[in-house]
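Trainee: First the structure, then my questions, so here it is.
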Amino acid sequence: MNLLIFALAVVFGFALSRSGAADYDFVQGMFLLENPQLYGIIGAGVAVTAPGLMLLRKYGKTAAGEPLQIPTKPLHRGNWLGGSLFGVGWAMTGMCPGPVLVNLGEGTLYALPAFIGVLIGAWLLGFVYPKIAGTLKLPEL
């Protein structure tokens, strides 16, 4: 199963690279409303994924034949805070965590500070979460 996950990750990374979704100028064009193509790529991803999830929920089995459980995620203040931080980081660097790895794989040096930022952000969340969870009424991890 790990080999399948790795293979799917490689295919996903290749698709991100070839579509231009990992290109800084392409992403900035989307945020500046100069190039709507990336909105179409994201929309196509939703259009492919949504029916797949509906079929999985209908038949109740994973690809491995195990019972499917897709819990509904609760809405809370952390969604707004985390989404805002994610969006600001994406707009500033032109990449989110997936494309950071694609850019590193392509040898793009400007992705290194963004990758370090992803690691620091993940560490910081783990460090700060227990301290802010009660105040923001966040669910337990």
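The values are calculated or read from the model by the stated rules, or taken from the named source; none is laboratory data. These figures come from a predicted structure and were not determined experimentally. Here Cβ is always computed from backbone atoms with ideal geometry, including for glycine, and neighbour counts include all displayed protein chains. Only protein heavy atoms, including side chains, enter the accessible area calculation; ligands, DNA and RNA are left aside. Shrake-Rupley method; radii C 1.70, N 1.55, O 1.52, S 1.80 Å.
Trainee: Just to be sure before I move on: is G78 under 25 Å from A22 (Cβ atoms), of a type outside the set (D, E, K, R), in a helix (DSSP H, G or I) and open to solvent by less than 50 Å² (accessible area, probe 1.4 Å) in the structure I sent? Talk me through it step by step, then tell me what you get.
Mentor: Details: under 25 Å from A22 (Cβ atoms): no; of a type outside the set (D, E, K, R): yes; in a helix (DSSP H, G or I): yes; open to solvent by less than 50 Å² (accessible area, probe 1.4 Å): yes.
Spelling it out, it is not the case that G78 is under 25 Å from A22 (Cβ atoms), of a type outside the set (D, E, K, R), in a helix (DSSP H, G or I) and open to solvent by less than 50 Å² (accessible area, probe 1.4 Å).
Trainee: Residue check: is L136 in contact with a Lys or Arg (Cβ under 8 Å, 6 or more places away or on another chain) and more than 22 Å from A9 (Cα to Cα)? Before you say what the answer is, go through the steps one by one.
Mentor: On the way: in contact with a Lys or Arg (Cβ under 8 Å, 6 or more places away or on another chain): yes; more than 22 Å from A9 (Cα to Cα): yes.
When the stated conditions are applied, L136 passes them.
Trainee: Select from segment 11-22 the residues that are surrounded by 11 or more Cβ atoms within 10 Å (Cβ to Cβ) and either in contact with a strand residue (DSSP E or B) (Cβ under 8 Å, 6 or more places away or on another chain) or free of Cβ contacts under 8 Å to residues at least 40 places away in the same chain (or both) and list them in ascending order.
Mentor: The first filter runs over segment 11-22 and keeps only residues surrounded by 11 or more Cβ atoms within 10 Å (Cβ to Cβ), leaving 12-17, 19-22.
Within segment 11-22, F14, A15, S19, G20 qualify.
Trainee: Please work out which residue is nearest to Y24 (Cα to Cα), limiting yourself to segment 91-114 and to residues that are of a type in the set (A, V, I, L, M, F, W, C) and in contact with a Phe, Trp or Tyr (Cβ under 8 Å, 6 or more places away or on another chain). So that I can check it myself, show each step before the final result.
Mentor: So the first thing to find is which residues in segment 91-114 are of a type in the set (A, V, I, L, M, F, W, C), and the list is 91-92, 95-96, 100-102, 104, 109, 111-112, 114.
If we keep only those that are in contact with a Phe, Trp or Tyr (Cβ under 8 Å, 6 or more places away or on another chain) too, we end up with 91, 95-96, 100-101, 104.
Values: A91: 10, M95: 7, C96: 11, V100: 10, L101: 13, L104: 13 Å.
Across segment 91-114, the extreme among qualifying residues is M95.
Trainee: Any chance you could count how many residues in segment 81-99 are of a type outside the set (V, I, T), assigned to a helix (DSSP H, G or I) and under 15 Å from G117 (Cα atoms)? Can you show your working first?
Mentor: Taking segment 81-99 and keeping what is of a type outside the set (V, I, T), we get 81-87, 89-92, 94-99.
Then drop every residue that is not assigned to a helix (DSSP H, G or I), which leaves 81-87, 89-92, 97-99.
Keeping just the survivors that are under 15 Å from G117 (Cα atoms) gives 82, 85-87, 89-92, 97-99.
Total meeting the criteria: 11.
Trainee: Something else about it: Looking at L55, L8, L3, L33, which is the one that is at positive phi and either of a type in the set (D, E) or open to solvent by 70 Å² or more (accessible area, probe 1.4 Å) (or both)? Reasoning before the result, please.
Mentor: On the way: L55 fails: at positive phi; L8 fails: at positive phi; L3 fails: at positive phi.
It is L33.
Trainee: From the set of residues in segment 59-75 that are in a loop (DSSP other than H, G, I, E, B) and hydroxyl-bearing (S, T, Y), which is surrounded by the most Cβ atoms within 10 Å (Cβ to Cβ)?
Mentor: The qualifying residue surrounded by the most Cβ atoms within 10 Å (Cβ to Cβ) is T62.
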